[in-house]
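Participant: My questions will all concern the structure given below.
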Amino acid sequence: MEQLVMEAMLSMHSIARSHDVFQLTREIPLTDVARRYGLELRRAGSRWLTRCPFHQDNNPSLVLFPDGRWRCFGCQAHGDATDLVSRLFNLRPIEAARQICRDFGLPVNNRPLSSETRRKTEEAARQREIEQAFKADLERIRQRLAMLHRCIFRSLRTPEDYKRLSRLVHAQPLLEYVLDELTSRDPARQVEAWRYARRWFPWVV
Ligand SMILES: [Zn+2]
């Protein structure tokens with residue numbers, strides 16, 4: 001077994017020496033590359049689906065095919081692993097291919113990654129991490145506000161209820177506004193709603 005791994009590594013090494021990093025990236029499954037750079041995949045038969053990072057995609061419209069190619073059926077972006085990484089991190093294709101090889105431990109005998117490229121990649125990765133954390137928080141807040149909305153709705157049965165819960169009754173329109181905005185597809189509006197939620201409903205969020 002170890003022998004096989006060694007041989008595989010050596011053959012990869014010799015490919016790398018031929019400087020064909022593009023060829024080398026094709027040795028790595030596209031799904032591994034996508035996951036490595038933060039995409040969450042869901043299996044659909046022999047294909048995989050993910051939310052497209054290149055447009056505001058609430059339902060997964062990007063399909064990864066078993067032949068190592070991908071296509072977004074929302075914004076029509078498409079390509080292979082190198083194109084994916086190139087677009088994700090705004091790198092030239094050759095830089096993207098080298099980056100993939102390095103991140104998967106495949107030796108590349110080309111000149112070392114420029115500090116500019118490294119900085120760009122790290123910055124973009126950090127940016128994606130922040131975005132994902134924000135999205136998760138947005139969803140958490142949306143669920144709690146929706147629950148509050150249901151509770152208010154159910155508690156208001158008699159005029160006495162309205163009197164007793166007047167504070168919540170008055171909060172209802174704000175709550176509905178924030179919920180609407182949180183589910184909008186416009187990131188700027190979502191951020192604004194997220195701020196309102198924290199300011200107006202601090203005891204919930
Ligand atoms: Zn897309």
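The values are calculated or read from the model by the stated rules, or taken from the named source; none is laboratory data. Being a predicted model, the structure only gives us computed values, none of them experimental. When we count neighbours, we look across all protein chains shown, and the Cβ atoms used for this are built from the backbone with ideal geometry, even at glycine. Keep in mind that these areas ignore ligands, DNA and RNA; they rest on the heavy atoms of the full protein, side chains included. Shrake-Rupley method; radii C 1.70, N 1.55, O 1.52, S 1.80 Å.
Participant: Note down all Cβ pairs under 6 Å where the first residue falls in segment 182-205 and is closer than 15 Å to LYS135 by Cα and not assigned by TED's automatic domain parsing to the domain that holds ARG142, the second is at pLDDT 90 or above and of a type in the set (Lys, Arg), and they're at least six residues apart or on different chains.
Facilitator: If the second residue must be at pLDDT 90 or above and of a type in the set (Lys, Arg), the pairs left are VAL205/ARG198.
Participant: Report whether or not ASP80 is open to solvent by less than 100 Å² (accessible area, probe 1.4 Å) and among the charged types (D, E, K, R).
Facilitator: The answer is yes for ASP80.
Participant: Which one of LEU138, LEU174, LEU145 is in a helix (DSSP H, G or I), farther than 30 Å from LEU88 by Cα and free of Cβ contacts under 8 Å to residues at least 60 places away in the same chain?
Facilitator: LEU174
Participant: Identify all residues within segment 38-57 that are among the polar types (S, T, N, Q) and touching a Leu at 6+ places or on another chain (Cβ under 7 Å); write none if there are none.
Facilitator: Residue satisfying the conditions is THR50 alone.
Participant: Can we say ARG157 is of a type in the set (Lys, Arg) and outside any helix (DSSP H, G or I)?
Facilitator: When the stated conditions are applied, ARG157 passes them.
Participant: Also, quick follow-up: THR31 is checked against (1) away from the ligand (no atom under 16 Å from the Cβ); (2) modelled with pLDDT under 95; (3) of a type in the set (Ser, Thr, Tyr) and fails just one. What number does that condition carry?
Facilitator: Exception for THR31: condition (2).
Participant: Let me spell it out: the conditions are (1) at pLDDT 85 or above; (2) under 30 Å from GLU40 (Cβ atoms); (3) touching a helix residue (DSSP H, G or I) at 6+ places or on another chain (Cβ under 8 Å), and ILE152 meets all of them except one. Which number is the exception?
Facilitator: ILE152 satisfies all of (1) at pLDDT 85 or above; (2) under 30 Å from GLU40 (Cβ atoms); (3) touching a helix residue (DSSP H, G or I) at 6+ places or on another chain (Cβ under 8 Å) except (2).
Participant: Moving to a separate point now. Please enumerate the residues belonging to segment 61-86 that are touching a strand residue (DSSP E or B) at 6+ places or on another chain (Cβ under 8 Å), within 18 Å of GLU131 (Cβ to Cβ) and either more than 10 Å from the ligand (Cβ to nearest atom) or touching a residue at least 40 places away in the same chain (Cβ under 8 Å) (or both).
Facilitator: LEU84
Participant: Right, another one. If you check THR121, THR117, THR82, which single one turns out to be among the hydroxyl-bearing types (Ser, Thr, Tyr), at pLDDT below 90 and closer than 14 Å to VAL33 by Cβ?
Facilitator: Every option except THR121 fails the conditions.
Participant: Scanning segment 34-60 for residues that are open to solvent by 60 Å² or more (accessible area, probe 1.4 Å) and touching a residue at least 40 places away in the same chain (Cβ under 8 Å), which turns out farthest from the ligand (Cβ to nearest atom)?
Facilitator: Once the filter is applied, the top-ranked residue is ARG36.
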